[in-house]
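See structure below.
The values are calculated or read from the model by the stated rules, or taken from the named source; none is laboratory data. Quick caveat, the model's predicted, so the values are computed rather than measured. A quick note on method: Cβ atoms are made from the backbone with ideal geometry, for glycine too, and the neighbour counts reach across all protein chains shown. Ligands, DNA and RNA are excluded from the accessible area calculation, which covers all protein heavy atoms including side chains. Shrake-Rupley method; radii C 1.70, N 1.55, O 1.52, S 1.80 Å.
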Amino acid sequence: MSKILVYTLLGGDLNKGFPVVTAQLWHHDQFFKITGSLPAAPELNQLYQTWQRLHEAIHQRLGNNQRIKVYQEDITNVSVSDFDEVCQQLRASLNDWLRFDSFANVERQLRTLLNRDDEVRVIIETNIIELHQLPWHLWDFFDDYPQAELGLSNHEYASPQVLRKYSTGKVKILAILGNKAGIDIDKDRLFLENVSNTQTLFLVEPTRKELDEQLWNHNWDILFFAGHSVSSIDKNIGKIYINQTESLTIYQLKNALNTAISKGLNIAIFNSCDGIGLARNLAELNIPQMIVMRTGVPDFVAQEFLKNFLIAFSNNKPFYPAVREARERLQGLENDFPCASWLPVIYQNPTTVPVTWQELSNNRSQTDLIDKPVQNKISFSKSQFFTFLSTIFIVALSTIGLRYFGIFEKIELQTFDQMLRLKPKEEIDPKVVVVEITEEDIQSRPELTVGAKSISDSTLARLLNKLQDYQPQVIGIDIYRDLPDRKNKSNPINLSTELQKQNVIAACKGKDKKYDPQGIKPPQGVPLERQGFTDAIKDPDGIVRRQILLMKQEPASSCETPYSLALQLASRYLFDRNIPLSFKNDYIKFGSKEFKRLKQGRSGAYQTVSLGGNQILINYRNTDSYFGVSLTDVLNDKITPQQLKDKVVIIGVTANSISDNWSTPYSSNRKNYYDVPGVIIQAQKVSQILNAVLEDRPIIWVLPFWADIIWICGWSAIGSLMIVKISSLSHQGFTIAAIQVFLYGTCAIALLSSGLWVPFIPSAFGLAVGGVVVLFVQNSKSYKF
């Protein structure tokens, strides 16, 4: 049994370092997690870029045919000795970086849990392209553990949704032999033909339509490609050349590949050049594992790797050791093909266990899975009972399928709102104060500003200065200040000076490819640790039900902080009360209080919505307002020190002329539909965290996906079982209605008392349909139980 070791590198890059690096080790039922850090190492990326250019140039100079469509500009003065020197520098720099004390301490602890002969799958989990490119196999760790091998992974992934399939007893391979101009891929075909126990279909320079149909219409275990391929400069897009005139990206095959993966596609092998972009794109579809070449690969090297891997893997050597053996055998070719053993690399979905060749070729047939009768004397009543159970199973499965495809999503969310509104009125939270910039505040101050602003920098500076006199715990600015005004010499209070105060948190907005390709940067001079993003997320019906606590910003975003404004304000308030903040993979933690994130994929009613980052549901406080004071009241000293002292103060706009209003679950409950100002929602978010930690107010959470399924199936079965015990049709209808009411009450109580959001709509649907189907079966077959 292999051990899985996952290193997760987030919240940094090679230029800034990685303040948090987690190492997680799984083996059987044991789990270990250790945390360290890594320093900045910008020279690693520079060395790799140099290595890549020289590698391509040296092979062109040596006349090695490479499976790449577009060549970079030649470097004419390169020598083998120069290239060897860069290789040595890259290896030395990589290992020096990994010997950093904090990271080395992690490795030392892990070594106490590992034996030299352990098969270890070492997965580097990150979205940073520069880290995917590094030759991690040169790490000294792999010298000490000969059965360990490297795999790369994107940071976000999910378990592939695989339909049950029945094997033919052979490993089914779809082999795409693409554009072969200038290269020899016939040997690839020969090696595949000589592997026993396989069923291989060769598509020679296929059209897009031919390839698409094969992926859609058949079950494949392995997808193989040989030919020309290339990744974009930033490695975000990979492309394969399928024939002389056509090229395809993974995104252009997305639907077909998703179908192939759902039918059991386990492995993709791209025996072609520059496959990092291909692997990153295909990993987003949650394929279990891939093998690609990190840069340009000579023909002979590609062929030898394929031959050696197929021999090892088909002889039932585990996947990772088979790749390592095939890769290390390439070292014998390095007199003629420098760094040949550096090229193959695995991409792995960490949620899956690599299959063996024997598992791929498992020759159980469909009939083997059918129970054969052991006797013919089975009572008629028992046959009827099994028919009843199968009916319930079909109803439950159909209900789960409808939910899986999002059919119930909108009505489930609306039902959630109804239940949330059943909460009794709550008192105003005294810990959070909103400083409102009202319509009157804006109209009474017709000031010159740079850009569209509610108030000028000068007024904001005066406000911050005045607020500090009241000694609030922390001040959040829920207005953007990305464009500074011209300095007002008549105002001695400078905004930049006020923004330097340690209890001031400024807002910014992250870049969003779909809605906001630029983002909004924070005010000048505010350090990263005192910034918080204010990105809001609407559900498909336009209502804000979730808040993002943490998220990784997109590259080149104007807003770089991974922390939300609400999290920044709450964490500083709680830190001063000796309640520290800590981070885990699936939740954040204040002291002993955990905020579990909605997991990407399937969480509660969210079946089709993206749940990226660390998102939680908002447990809105059922109150008409928050304690608020106006800008004018603060500037005119119309408030008392007790109103702001040691409080969380949030500055924001409530004027209707500023478009910052949002719908909440309570909006439709008003006599006139009422959208809530964004600053009030920020106050709700902060209040939710503080009261969950300090007053044990419920945090809304959902069951795991498998538990949801059990819940839905259980109610479908319970309702149907009760129906068959009642003979009167009118009583049966009343029973269904009564169970529905009981179910609704159960779900509402669970939500309001403990924050557990269990599925009502699909359970009620399964209960009702199950009852109707059982009645139909009962009447048509005259079954009596």
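When only alpha carbons are used to place a centre, the stretch 42-56 and the stretch 111-145 end up 20 Å from one another.
Accessible area of the chain with a 1.4 Å probe: how many percent of it is carbon plus sulfur? Mind showing how you got there, number by number?
On the way: 18790 of 35520 Å².
Ligands and nucleic acids excluded, carbon and sulfur give 53 percent.
For the peptides 653-666, 201-214, what is the packing order when you average, over each peptide's residues, the other Cβ atoms within 10 Å and list the highest mean first? Before the final figure, lay out the partial values.
Details: 653-666: 17.0, 201-214: 15.2.
In descending order of packing, they fall as 653-666, 201-214.
Stokes-Einstein diffusion of the stretch 622-689 at 4 °C, 1.567 mPa s viscosity, Kirkwood radius from Cα pairs, rounded to a whole number: 96 µm²/s. With a Förster radius of 35 Å applied to the beta-carbon distance between ARG189 and PHE705, the computed FRET efficiency rounds to 0.25. Relative contact order for the chain: 10 percent, from Cα pairs under 8 Å spaced at least 6 residues apart, divided by residue count. Qualifying trypsin sites (Lys or Arg not before Pro) in the stretch 534-565, where qualification requires a DSSP coil assignment and no more than 10 other C-beta atoms within 10 Å, are lacking entirely. Can you tell me what share of the DSSP beta bridges in the chain is antiparallel? A percent to the nearest 5 is fine. Around 45 percent of the beta bridges assigned by DSSP in the chain are antiparallel ones.
Among all helices in the chain defined by DSSP H, which have a length of 18 Å or more along the axis from Cα atoms plus a Kyte-Doolittle mean of at least 0.5? The answer, listed by residue number, is 299-314, 380-404, 678-694, 705-724, 729-754, 761-781.
Checking Cβ-Cβ separations below 4.7 Å across the chain identifies CYS87, CYS273, CYS339, CYS713, CYS747 as cysteines lacking any candidate disulfide partner.
Solvent-accessible area per residue for the chain at a 1.4 Å probe radius, Å²? Write out the running numbers ahead of the final one.
On the way: 35520 Å² over 785 residues.
Each residue of the chain exposes 45 Å² on average to a 1.4 Å probe.
Against the set [x] 56; [y] 60; [z] 44, the structure's computed percent of Cα pairs over 36 Å apart falls on [x]. Sorting the segments 557-563, 405-411, 272-278, 577-583 by their residues' average number of neighbouring beta-carbon atoms within 10 angstrom, most packed first, yields 272-278, 557-563, 405-411, 577-583. Based on DSSP H segments of at least four residues, each scored -39500 (n - 2.57), the chain has a per-residue ellipticity at 222 nm of -11500 deg cm²/dmol. Relative protection proxy for 417-430, 284-297, from highest mean packing down: 284-297, 417-430 (other beta-carbon atoms within 10 angstrom).
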